[in-house]
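> I'd like to ask you about the structure that follows.
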Amino acid sequence: MAIELDEDERWALLESAKVMRLATVDPYGLPHVIPIWYLPDRETGSVYFSTPEDSRKARDVAETPKASLTIDEGVSYFELRAVVAEGDVSRVADEERRDSLERRWCRRYFDQPERPDFMELLYAGRPWAWYRVEPSRWISWDNAKIDLERLREARS
């Protein structure tokens, strides 16, 4: 009984959710997990995020350019759905691409083409960088697909 999400379901969850948990590798080889806003891009098959250039995340991926991300929803067992992606991380160097990602991200989270003033106040002018997670492995599940009747019959 397959409970994994198909590709369309996986991207639908990535596009509807607003927060992912990003796991990077810290200098001690331990996972550093943080909730973060992100931008899914089905066209490239990648997930993008931005962070201040001096953040722990930025330092981690500069040292070890690997990450795992998780997007999930649901509370009760049979509502749980999730997408996990693991892969390489690279800094987005192309200025035009960064500008495009920034506008799309701002529309997604602020419904406007640029960051609101409070972001400048919160981050005191710290420069931000954009990163691309290029998944080499996808894992997903949707517990609503579990067929309890079939399981009961199989146990009988």
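> For the list (1) among the β-branched types (V, I, T); (2) over 30 Å from N143 (Cα atoms); (3) surrounded by 16 or more Cβ atoms within 10 Å (Cβ to Cβ), I need the number of the one condition that V89 fails.
(2)
> What is the one condition in (1) surrounded by fewer than 14 Cβ atoms within 10 Å (Cβ to Cβ); (2) over 17 Å from the mean Cα position of the chain (by Cα) that K145 does not satisfy?
(1)
> Just to be sure I understand the filter: pairs with C-beta atoms under 9 Å, separated by 6 or more residues or on different chains, first member in segment 64-80 and basic (K, R), second member at pLDDT 95 or above and surrounded by 11 or more Cβ atoms within 10 Å (Cβ to Cβ). Which pairs pass?
Going by the 9 Å Cβ cut-off, the qualifying pairs are K66/T24; K66/V25; K66/E86; K66/G87; K66/D88; K66/V89.
> Hey, W105 hits all of (1) surrounded by 12 or more Cβ atoms within 10 Å (Cβ to Cβ); (2) touching a residue at least 12 places away in the same chain (Cβ under 8 Å); (3) under 28 Å from G45 (Cα atoms); (4) more than 17 Å from the chain's Cα centre (by Cα) but one; which does it fall short on?
Answer for W105: the failing condition is (4).
> Taking segment 76-134 on its own, how many of its residues are closer than 20 Å to A12 by Cα, of a type in the set (F, W, Y) and touching a Phe, Trp or Tyr at 6+ places or on another chain (Cβ under 9 Å)?
Going through segment 76-134 one residue at a time, the tally reaches 2.
The values are calculated or read from the model by the stated rules, or taken from the named source; none is laboratory data. Note that this is a predicted model, so its numbers are computed, not measured. In this analysis, Cβ positions are derived from the backbone assuming ideal geometry, glycine residues included, and neighbour counts consider all displayed protein chains.
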